[in-house]
Amino acid sequence: MGKALPSRAEDYSLWYNELVRKADLAEHSSVRGCMVIKPYGFSIWEKMQAQLDKMFKDTGHTNAYFPLFIPKSYLSKEADHVEGFAKECAVVTHYRLKNDPGGGGVVVDDDAKLEEELIVRPTSETVIWNSYKNWIQSYRDLPLLINQWANVVRWEMRTRLFLRTAEFLWQEGHTAHATKQEAIDETKQMLQVYTDFVQNYMALPVIQGVKTESERFAGAEDTYCIEALMQDGKALQAGTSHFLGQNFAKAFDVKFATKEGGLDHVWGTSWGVSTRLMGALIMAHSDDDGLVLPPFLAPIQVVIVPIFKNDEQLSQIQEKVDTIKTQLQAQNISVKFDHRDTHKPGWKFAEYELKGVPLRIAIGPKDLENGTLEIARRDTKEKKIYSFEEAIDQIPGLLDEIQKNIYQKAETFRAENTSEVDGYEEFKQVLDDKGGFIWAHWDGSAATEEKIKEETKATIRCMPLEFGEPGQCMVTGNPSKGRVLFAKAY
RNA sequence: CGGGGUGUAGCGCAGCCCGGUUAGCGCACCUGGUUUGGGACCAGGGGGUCGCAGGUUCGAAUCCUGCCACCCCGACCA
């Protein structure tokens, strides 16, 4: 039982950390705040990447790559942008090391000081807009629809595997448009792409909305987001899409000749999701036995565990498994046959549950006699006996069902943990008792938002894209345009 | 950067208060055998600068001083 997890109820964050480590997703590196993404974890990320990349391309975007280093001066061109990121930037000051004359190994060569320091990108708006200046002359060059897959560095004070690391992997889309409306449409389109991805592939329901001014991306006019609810009742921002207005175009002097013969600044957007989605995936579905992966993103969708006493039995099983495997693979299902004799079946059962494999087939001598096999579902833990033919037939449907079921489960959980409150005392009460999402009225002022945050630790996760009924702020009693979404957040 | 805590085998820990031969336990690892339908068992084995530096002492994982690293709680954040 060396691998048993702590339970979620006992200690949620210990459960999360142990799960990440024991399921072989990632581990801490020797550099503070940075993680090593292990092969199993990375293969899940690769599946997410592949799907997102396809969706970006289907909506007309192309990939490019911009440098890791940003000249310090670039960062100061957009005032809000510096303000937002300055406190968490890694800075390169030298370009050479030398042997320590005192014998202490290698030291920084003071003679190799850079004229202008380089910032390790915390996000790439500035380098990218600096290029866009040269790429855009006319309305004929627009829209410019570019995405990049990259790593970025934000020197966070406190980190957690996947949820907040000093270095993380992400994609960042950066687009330029001739009109304001087109840029807004793009911003919303990408929000919808993220929503579709998270809901349909990650099996995680989200709420779409707009950030308040205080939560807005540094340099944006509007920040759209999707918010998901985790099993401990805390919210996680799963993706953001920013309408940048003409802020970066003005900062980097990106103008274009309009159709009408004028000269205007372009309108911009940027949007991103990161390896943080891995954290969301893990926290949203997993249980005390380990990961539960949606079939669409599981590196192994079906694992076959043979039960055998000797080589002869194994080779008989092997023969049967080969045909099953071929037939499943023909339907684009990823199958692993774990015939290692170094681990017992029970050990393997537990191991693949820990790793979240959606379906497990067990097949032994009894089955060969009867022409059957056993299929166990990871999401419900149900086990059922099927004939070989039935099994081949049913497995695609079962995978489908699991995908739907875990979405359904997450949605039910969210429904049970979403409240609507009117009074501030009630608000505090609900927050303490059960947490989760809370819809409440707010007067729209930063001061009230700040007061609520200070007193309760809850923040406005987002304002809905379309407000419901107007009302009165739960704190000040002043008029409210409609309920906004509160929660404690990661 | 403020408050608290921890550094002992790959991982998790005991030993420290009250100094005493060879630093111990569980998991993992290696070898052999028996096992194999829900995390097997027996026997044997390998692996340690006790975070670093200095000090006290006949003797330091243990006491003292300094330093370093990491974790938790705050402030900050995708």
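The values are calculated or read from the model by the stated rules, or taken from the named source; none is laboratory data. Nothing here was measured: the structure is a model prediction, and the numbers come from that model. We place every Cβ from the backbone using ideal geometry, glycine too, and count neighbours over all the protein chains shown.
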Next item on the list: Return a yes/no flag: does the range A:292-310 have any residue that is outside the structural domain of A:LYS336 (by TED's automatic domain parsing), part of a loop (DSSP other than H, G, I, E, B) and either near RNA strand B (Cβ under 9 Å from one of its atoms) or of a type in the set (Phe, Trp, Tyr) (or both).
Entry: yes
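Checking the condition more than 10 Å from RNA strand B (Cβ to nearest atom) and assigned to a strand (DSSP E or B), which residue from A:ALA203, A:ALA176, A:ALA183 passes?
On the way: A:ALA203 fails: assigned to a strand (DSSP E or B); A:ALA183 fails: assigned to a strand (DSSP E or B).
Within the list A:ALA203, A:ALA176, A:ALA183, the selection yields A:ALA176.
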Margin query: If I filter the range A:70-82 for residues that are loosely packed, with under 14 Cβ neighbours inside 10 Å, in the same structural domain as A:SER131 (by TED's automatic domain parsing) and within 16 Å of RNA strand B (Cβ to nearest atom), do I get at least one hit?
Written below: yes
Item checked: Residues of the range A:339-352 that turn out to be in a helix (DSSP H, G or I) and within 6 Å of RNA strand B (Cβ to nearest atom), as a count -> 6
Notebook entry, point to check: Counting just the residues of the range A:353-365 that are more than 9 Å from RNA strand B (Cβ to nearest atom) and in a loop (DSSP other than H, G, I, E, B), which one comes out surrounded by the fewest Cβ atoms within 10 Å (Cβ to Cβ)?
Noted result: A:LYS355
Notebook entry, point to check: Has the range A:329-338 got at least one residue that is hydrophobic (A, V, I, L, M, F, W, C), part of a loop (DSSP other than H, G, I, E, B) and either within 13 Å of RNA strand B (Cβ to nearest atom) or free of Cβ contacts under 8 Å to residues at least 12 places away in the same chain (or both)?
Noted result: yes
Margin query: Criterion first (under 30 Å from A:LEU399 (Cβ atoms) and at pLDDT below 95) does A:ALA235 satisfy it?
Written below: yes
Checklist line | Subset of the range A:250-282 (residues that are within 16 Å of RNA strand B (Cβ to nearest atom) and among the aromatic types (Phe, Trp, Tyr)) | finding: A:TRP271
Item checked: Within the range A:244-278, considering residues that are among the hydroxyl-bearing types (Ser, Thr, Tyr) and assigned to a strand (DSSP E or B), the one nearest to A:GLN49 (Cα to Cα) -> A:SER274
Next item on the list: Would you be able to tell me the number of residues in the range A:133-173 that are near RNA strand B (Cβ under 10 Å from one of its atoms) and either buried (at least 20 other Cβ atoms within 10 Å of the Cβ) or farther than 25 Å from A:GLN189 by Cβ (or both)?
Entry: 16
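For the condition more than 15 Å from RNA strand B (Cβ to nearest atom) and either among the aliphatic types (A, V, I, L, M) or in the same structural domain as A:GLN329 (by TED's automatic domain parsing) (or both), what is the one hit in A:LEU399, A:LEU431? Before the answer, list the steps.
Details: A:LEU431 fails: more than 15 Å from RNA strand B (Cβ to nearest atom).
Unique residue meeting the criteria: A:LEU399.
Being under 18 Å from A:LEU291 (Cβ atoms), aromatic (Phe, Trp, Tyr) and either touching a residue at least 12 places away in the same chain (Cβ under 8 Å) or within 16 Å of RNA strand B (Cβ to nearest atom) (or both), is that true of even one residue in the range A:13-34?
To start, the set of residues in the range A:13-34 that are under 18 Å from A:LEU291 (Cβ atoms) comprises A:13-27.
Remaining after also requiring aromatic (Phe, Trp, Tyr): A:15-16.
Okay, now just the ones that are also either touching a residue at least 12 places away in the same chain (Cβ under 8 Å) or within 16 Å of RNA strand B (Cβ to nearest atom) (or both), so A:15-16.
Yes: the range A:13-34 contains one or more residues that are under 18 Å from A:LEU291 (Cβ atoms), aromatic (Phe, Trp, Tyr) and either touching a residue at least 12 places away in the same chain (Cβ under 8 Å) or within 16 Å of RNA strand B (Cβ to nearest atom) (or both).
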Margin query: Given the criterion in the same structural domain as A:GLU167 (by TED's automatic domain parsing) and at positive phi, identify the matching residue among A:GLY41, A:GLY60.
Written below: A:GLY60
Next item on the list: Could you name every one of the strands (runs of 3 or more DSSP E) located completely within the range A:1-83 that has at least 1 residues being under 20 Å from A:ASN151 (Cα atoms) and of a type in the set (Asp, Glu)?
Entry: A:26-28
Next item on the list: Within the range A:169-183, identify whether any single residue is within 30 Å of A:THR418 (Cα to Cα), of a type in the set (Gly, Ala, Ser) and in contact with a helix residue (DSSP H, G or I) (Cβ under 7 Å, 6 or more places away or on another chain), and answer yes or no.
Entry: no
Notebook entry, point to check: Which residues, taken from the range A:366-396, are part of a helix (DSSP H, G or I), touching a Lys or Arg at 6+ places or on another chain (Cβ under 8 Å) and within 12 Å of RNA strand B (Cβ to nearest atom)?
Noted result: A:LEU368
Check: Can A:GLU10 be described as within 30 Å of A:GLY346 (Cα to Cα), within 16 Å of RNA strand B (Cβ to nearest atom), acidic (Asp, Glu) and surrounded by 13 or more Cβ atoms within 10 Å (Cβ to Cβ)?
Finding: no
